[in-house]
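K.L.:
Next up is a structure, given as structure tokens.
The values are calculated or read from the model by the stated rules, or taken from the named source; none is laboratory data. Small disclaimer: the values here were computed from a predicted structure and weren't measured. Neighbour counts are summed over all protein chains in view; Cβ atoms, including those assigned to glycine, are modelled from backbone coordinates with ideal geometry. Ligands, DNA and RNA are excluded from the accessible area calculation, which covers all protein heavy atoms including side chains. Shrake-Rupley method; radii C 1.70, N 1.55, O 1.52, S 1.80 Å.
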Amino acid sequence: MFNRWEDLCNVISLRPLLPAVGLPTPVLPTWCLILYFLDIFHNMDFSIRPATLEDCKDIARMLLELAEYEKVLDQIKVTQKDLEQDGFIKNPFFHGIVAEVPEEHRSKEGHTKVGYALYFYSYSSWKGRAVYMEDLYVMPEFRGKGIGKALMSKVAQLGLAAGCSLLNFSVLDWNKPSLDFYLSQGCSDITADMGYHCMRCEGDELEKLAQGGT
């Protein structure tokens, strides 16, 4: 059984040379090996579990990967230390879950933590308790295997367990793959349907607002 992409590539590239060095050629033809490997990889085992303090290093890494994908890398101010201080205290500002694969399916860089979601609880003056999903991310080489759906499903389960009736989140308007995925999960676009826009006040303007405005 092949546990790594490199193993398969090595067998395929070296197949013609094996008899010359006295090693047997694999019985299965190359195309069978590829299909077999892809089936294993598609059905890869993974687990979803609560994030721990020790996961902050990997969450910070993936947070930067997500920001780069969303073209906002210059906006990121949160560090591993911030995650540790804000998410793992008596009254945390956020909660997290991580997706982890077995060691034999680790990434090309050696990572076994391959996805995460950050969420926190909020309140709707219309419908009561709600959960907000701040981040949902899966490393590119592990997409298409149900990990993102499993992460989002877990956030939904945790929200329902806490008595929430809403799951809120935002998505970039140009990110069609994510938009299509969310719509396929039964989510609705409230900007398109109800005209709501996501507003923000930060930095100096937040300071001014706190002082009574200008």
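K.L.:
Only one residue in Ser107, Ser170 is in a loop (DSSP other than H, G, I, E, B) and over 22 Å from Ser47 (Cα atoms), so which one is that? Explain how you work it out, then say what you get.
P.N.:
On the way: Ser107 fails: over 22 Å from Ser47 (Cα atoms).
Criteria check complete, one pass: Ser170.
Here is a yes/no grid of residues against (1) open to solvent by less than 80 Å² (accessible area, probe 1.4 Å); (2) at pLDDT 95 or above; (3) in contact with a strand residue (DSSP E or B) (Cβ under 6 Å, 6 or more places away or on another chain):
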position	(1), (2), (3)
Lys149	no, yes, no
Ala161	no, yes, no
Ala192	yes, no, no
Arg200	no, no, no
Gly213	yes, no, no
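K.L.:
For the stretch 80-99, check the following and say yes or no: at least one residue is free of Cβ contacts under 8 Å to residues at least 24 places away in the same chain, surrounded by fewer than 16 Cβ atoms within 10 Å (Cβ to Cβ), within 25 Å of Ser178 (Cα to Cα) and not hydrophobic (A, V, I, L, M, F, W, C).
P.N.:
The answer is no; no qualifying residue exists.
K.L.:
When you go through Ala162, Ala117, Ala156, Ala150 one by one, which is the residue that is closer than 21 Å to Gly186 by Cα, over 17 Å from the mean Cα position of the chain (by Cα) and not hydroxyl-bearing (Ser, Thr, Tyr)?
P.N.:
Ala162
K.L.:
Same structure again: When residues of the stretch 121-154 are filtered for being assigned to a strand (DSSP E or B) and within 24 Å of Glu68 (Cβ to Cβ), how many remain?
P.N.:
Our first condition is that a residue be assigned to a strand (DSSP E or B); within the stretch 121-154, this holds for 121-124, 128-138.
Adding the requirement that they be within 24 Å of Glu68 (Cβ to Cβ) leaves 132-138.
Residues that pass the stated criteria total 7.
K.L.:
Residue check, Lys176 against (1) without any contact (Cβ under 8 Å) to a residue 24 or more places away in the chain; (2) of a type outside the set (A, V, I, L, M, F, W, C); (3) on the phi > 0 side of the Ramachandran plot, all met but one. Which one?
P.N.:
(3)
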